[in-house]
Amino acid sequence: MHMGGAEYNQEATRVVRTLSVLIAPILALYSLLIMQGVMPSTHYVSPVITIGISVLWVVVSLYYFVRPAPSRGDQIARLILIHYFALMLCLFITGFAMPFAPFFVLLLVASHLFAGRSGLFLSTLALTLTAGADILIRYAADPSIIMQNGLTVSSLILLAYAVVGIINAQETKRQQLVHSQSRERLQYDRILTIMNNLTDAAFTTDEKGAILMYNAAALDLLDTNDSLKGRNVGKLFKLTDTDGKPAELLEALKEAKIKTRRDDLSHTYDDGESARLEITYAPIRSSYSLDKKGDELGGYIVIVRDVTKQKSLEDERDEFISVVSHELRTPITIVEGTLSNLDILMNRPKAPDLTVLSGTVTTAHNQVMYLAKMVNDLSTLSRAERGVADTPEEIDVAELLHTLHRQYEKDAEASKLHLNLDLGHKLGKVNVSRLYLEELLQNFITNAIKYTKEGSVTVTAVREDDMVTFSVKDTGIGISRSDQINVFNKFYRSEDYRIRETNGTGLGLYVSTKLAHKLHTRIQLKSRLNYGSTFSFTLPVE
């Protein structure tokens, strides 16, 4: 039987080599004492045999100690040679009934370690046959040798087999432990693989909150590369609830009896930045215990998700719906009232005043156009948010601007304005969404025409290196410094009476920022009150 693996055999080899180099000199010294007559022996033959066996055994043991066996086969060959020296020593010098006879137990055990059951059997057989030969040789002179050798050899064999049995039992337990550890490691690796493939931060802790396992997403969430193992999960988060009051995660874990989910907590980082978190946690219960008569707490599992953006979008959506509802209510009320008045005027017996009718219809029409503009802006915003029609394509800059100039030239003339086109040389092509680029420029041009009473609107494109800058400049009313901060916010309209004179939804520039974001650019604004405004952005040239 092969005992264990390579590591076990290397250790066994080292122990056997050490014992061999220690035992050989002891037995050699004992043999020399017998030769000198200091110790009695009925088996002593001659000084030549005694010195020969003793010296050869010591030399061979030292050689084996200095030069380890390169292979298992070589080790077995060495064991056979040591058997030979030991048995010859007993047969011609010391006899079997000597003080150091228990050393044979080590020889039998070593045979089992390196050659298995077959080695143990052959070693036992060699010992038994040699003892039998000793009986045949010396029976005539000493009949009691049968009893001496029989008791000695049988005791040695029984003791050796008992030791081998203990070793086998220990090895079986060791192998079971190794197998159990291997299965445990496999389960750990499986759980760790599952955790590391989660996009949410995940922790497992002991019953005191000390972290046992965590995934890569946990490091990303906490913005750290330090090891989290052993740290208290409650101290990793600086939590506050929606009222700004501190919250203790560990206390929440201890109070949890079942799976619990909370999305009202925020974590504050060391730099002061805050993140809204959704935390799901549950106690881990061990299997039913007969001793404890119930489940035993095995720690906690905590899953954390950053929902800052999601909550922000939800809040923004709620605010957006609220504002849109409010903004729609006024024009709808006006249209409803105007049409009701028109119905009353039309049903009077007296012929209605055409001027009054015309004014009423105009008012209703203006409000309907306002609603149409708002719906159009909302539609554009929705497309930008959902990424509809965002496939990039090559667009000739000069051709696009010429098209827009032709499209809005009549609108400018109707407002008694000049729509100028100032294009640089070799503008080239840009690779972006045509729809988004056109809508962005259209927003700037229509706003410029709307808020310019006299003068001109100039559309410019200038190339510098591999970038082209688009600009729309007007000579209109301009935007004050205080309004420039808020002008890109949704539904924002300045309190300037000149702006209030024109219909507007307050969504145009907000939509423009969304379109610019989709085009991977930023809007630059330069404006001076009563001197006009310039809106510009830059795109890379193909």
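Since every read-out is calculated from the coordinates, none of them should be taken as a lab result. Since we're looking at a predicted model, the values are computed, not measured. In this analysis, Cβ positions are derived from the backbone assuming ideal geometry, glycine residues included, and neighbour counts consider all displayed protein chains.
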Grab the other residues whose beta carbon is less than 11 angstrom from that of Ala448, score K and R as +1, D and E as -1, and report the net. 0
Quick check: from the Cα gyration tensor, does the chain come out rounded (a/c under 1.5), prolate or oblate? prolate
Projecting the Cα atoms of Leu125, Ala162, Ile146 onto the charge dipole of region 6-176, where Lys and Arg contribute +1 and Asp and Glu -1 at Cβ, the residue farthest towards the positive end is Ala162
Just to confirm the number: angle between the C-alpha axis of helix 308-346 and the first principal axis of the chain, 0 to 90 degrees, nearest 10? 20
May I ask which of Lys208/Lys309; Lys229/Lys309; Lys453/Lys526 have a Cα-Cα span longer than 21 Å here? Lys208/Lys309; Lys229/Lys309
Taking a ≥ b ≥ c as the square roots of the Cα gyration tensor eigenvalues, with a/c under 1.5 meaning rounded and otherwise prolate when a/b beats b/c, else oblate, which class fits region 6-176? oblate
For the pair Lys257/Ser46, report the inter-label distance in nm, with labels modelled 7 Å from Cα in the Cβ direction. 9.6
Rounded to the nearest 5, what is the percent of antiparallel bridges among the DSSP beta bridges in the chain? 90
Rounded FRET efficiency, nearest 0.05, which uses the C-beta distance separating Asp465 from Asp422 and R0 of 22 Å: 0.70
Counting only helical runs of four or more DSSP H residues, what would the 222 nm mean residue ellipticity of the chain come to if each run contributes -39,500 (n - 2.57) and the total is spread over all its residues? -19000 deg cm²/dmol
Output the relative contact order of region 18-85, whole-number percent, from Cα pairs under 8 angstrom with separation of 6+ residues. 36
Starting from the Cα-Cα distance between Glu171 and Lys429, subtract it from 0.36 nm times their residue separation and give me the gain in nm to one decimal. 85.2 nm
How much length is gained if the chain between Val163 and Ala398 is pulled fully straight, taking 0.36 nm per residue apart and subtracting their Cα-Cα distance, in nm to one decimal? 74.9 nm
In nanometres, what is the gap between the two model label sites at Thr128 and Glu542, each 7 Å from Cα along Cα-to-Cβ? 9.5
If you count, for each residue, the other Cβ atoms within 10 Å and average over each peptide, how do 105-115, 353-363, 16-26 line up from highest to lowest? 105-115, 16-26, 353-363
On Cα atoms only, tilt of 508-518 relative to the major axis of the chain in degrees: 30
Packing-wise, with mean Cβ within 10 Å as the measure, how do 165-173, 452-460 rank, highest first? 452-460, 165-173
Relative exposure of Lys518, Lys257, judged by other C-beta atoms within 10 Å (fewest first): Lys257, Lys518
Burial ranking of peptide ranges 136-148, 46-58 (average Cβ count within 10 Å, highest at the top): 46-58, 136-148
Computed for the chain: size of charge dipole around the Cα centre, +1 on C-beta of each Lys and Arg, -1 on C-beta of each Asp and Glu, debye to nearest 20, value 1420
For the chain, what does the relative contact order come out to in percent, with C-alpha contacts under 8 Å and a separation of six or more? 7
